Amino acid sequence: MTIQNWPTGNRQSFEMIQSFRPAGSNTVVWAQDMGNRVLLRMLRWGNEIYLPVTMGMRLGIGIWNGNSNWRAYPTFLEARNLWDNGESDPDICHVDHMWELAPGDQQLFYQLGNPNAQLGRPLIITKSGYGEAIGENAFGSTKWRGQIRIYERTVAGNRHQYDRPTNEGDGMGGAYVKGFDPLTFEANLRDGSSSGRRGSSTPKGGAAIGAGAEEHMSHARTGLSYNMDSQPVVFLRTEFREDLLPLLRKTWNFNWDWTEPVPTFPNWWDRPWNWRPDRPLTAPEIPVIRPHDPDEKHWR
């Protein structure tokens, strides 16, 4: 187990969330595995929100504009604009380099966009440190590996948004708090390798975002302009599921799923949702012993 981005805040606080709504906005964000067509459950850990991913996954980020006016969404993958030649500052991002959504509309962001052609490149989870990730090719650095930042701007003529901290908002889920130190737990698991396990299939470089071959991508200009006043929607960090698994097994003494079918009913994010077992656990204070893994290091 090797976590590449440890959270700030209370590291003993974990919860799965289905979607996220930032404070002061009716925008809703979620994540999908585009290849398997399932919803990805996000992990809210401390003050951060993580996407548990697998190598080769085709990633999609869903946005619903539940506000009463148009919104534009500057989006950055490993600090690079989602659209070719787009600005790195969300406040001055040109309208050609943002997705625009009318009230009640939703959109999946799953491709790097070409503003001058109906073409895009799918977002694919890869490993950092091998020259395949977006940040490594855009900036020559792994500093922003696996990071996704989304902002929103109101249409010109509408009021400015209130300032809000990153990732302040509501996520559908339930918190579990355990009395152990995750950093010490990880240190005890290490065997001196970057993956933390002998024979592990997790790449050494950690989760990063790359792009596949060009494919069709429909988009059109609206002719609208927007206030130079962006506010954060969400900041997501990708981590390989295998790296998170030992930590979550120690936190939760029950089975859970990383994904679920994509809901099809309208405004599903407003309905009650619970990912936990609906029955009391038997002796929850006693850890669950898993089948022995000959490749897993044991600690004393």
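The values are calculated or read from the model by the stated rules, or taken from the named source; none is laboratory data. Since the structure is predicted, the reported quantities are computational estimates derived from the model, not experimental observations. Using ideal geometry, Cβ is built from the backbone for each residue, glycine included, and neighbour counts are taken over all protein chains shown. When the accessible area is computed, the model is the full protein with side chains, heavy atoms only, and any ligands, DNA or RNA have been set aside. Shrake-Rupley method; radii C 1.70, N 1.55, O 1.52, S 1.80 Å.
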### Query
Can you name every residue in segment 13-34 that is open to solvent by 20 Å² or more (accessible area, probe 1.4 Å) and closer than 19 Å to Ala133 by Cβ?
Met34
### Message
Which numbered condition in (1) open to solvent by 10 Å² or more (accessible area, probe 1.4 Å); (2) modelled with pLDDT of 95 or more; (3) within 16 Å of the chain's Cα centre (by Cα) is the only one that Asn47 fails?
### Response
(2)
### Query
Where residues in segment 141-155 are in contact with an Asp or Glu (Cβ under 9 Å, 6 or more places away or on another chain) and assigned to a strand (DSSP E or B), which of them is most open to solvent (accessible area, probe 1.4 Å)?
Tyr151
### Query
Based on what the data block shows, is Asp89 open to solvent by 10 Å² or more (accessible area, probe 1.4 Å), within 16 Å of Gln231 (Cα to Cα) and among the acidic types (Asp, Glu)?
yes
### Query
When you look at Asp163, is it modelled with pLDDT under 90 and charged (D, E, K, R), yes or no?
no
### Query
Which number in (1) touching a Lys or Arg at 6+ places or on another chain (Cβ under 7 Å); (2) buried (at least 19 other Cβ atoms within 10 Å of the Cβ); (3) among the aliphatic types (A, V, I, L, M) marks the one condition that Ala138 misses?
(2)
## Note on the structure
Per the filter on segment 116-140, residues on the phi > 0 side of the Ramachandran plot and either without any contact (Cβ under 8 Å) to a residue 24 or more places away in the chain or assigned to a strand (DSSP E or B) (or both) are Gly131, Gly140
### Query
If you check Arg37 against the conditions, is it open to solvent by 40 Å² or more (accessible area, probe 1.4 Å), touching a Leu at 6+ places or on another chain (Cβ under 8 Å) and under 17 Å from Ile125 (Cα atoms)?
no
### Query
On the given criteria, is Glu242 closer than 21 Å to Trp45 by Cα and among the charged types (D, E, K, R)?
yes
### Query
Can you name every residue in segment 226-256 that is hydrophobic (A, V, I, L, M, F, W, C) and open to solvent by 20 Å² or more (accessible area, probe 1.4 Å)?
Met228, Leu245, Trp256
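Residue-wise test of (1) closer than 20 Å to Glu152 by Cα; (2) modelled with pLDDT of 95 or more; (3) in contact with a Lys or Arg (Cβ under 9 Å, 6 or more places away or on another chain).
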{"residue": "Gln12", "(1), (2), (3)": "no, no, yes"}
{"residue": "Thr27", "(1), (2), (3)": "yes, yes, yes"}
{"residue": "Asn36", "(1), (2), (3)": "no, yes, yes"}
{"residue": "Met42", "(1), (2), (3)": "no, yes, no"}
{"residue": "Pro52", "(1), (2), (3)": "no, yes, yes"}
{"residue": "Met57", "(1), (2), (3)": "no, yes, no"}
{"residue": "Ala72", "(1), (2), (3)": "yes, yes, yes"}
{"residue": "Arg80", "(1), (2), (3)": "yes, yes, no"}
{"residue": "Ala102", "(1), (2), (3)": "yes, yes, yes"}
### Task
Kindly provide the set of residues from segment 75-95 that are under 16 Å from Gln111 (Cβ atoms) and touching a residue at least 40 places away in the same chain (Cβ under 8 Å), ordered by number.
Thr75, Phe76, Leu77, Glu78, Arg80
### Query
Can you tell me how many residues in segment 104-118 are over 22 Å from Asn227 (Cβ atoms), of a type in the set (A, V, I, L, M, F, W, C) and at pLDDT 95 or above?
2
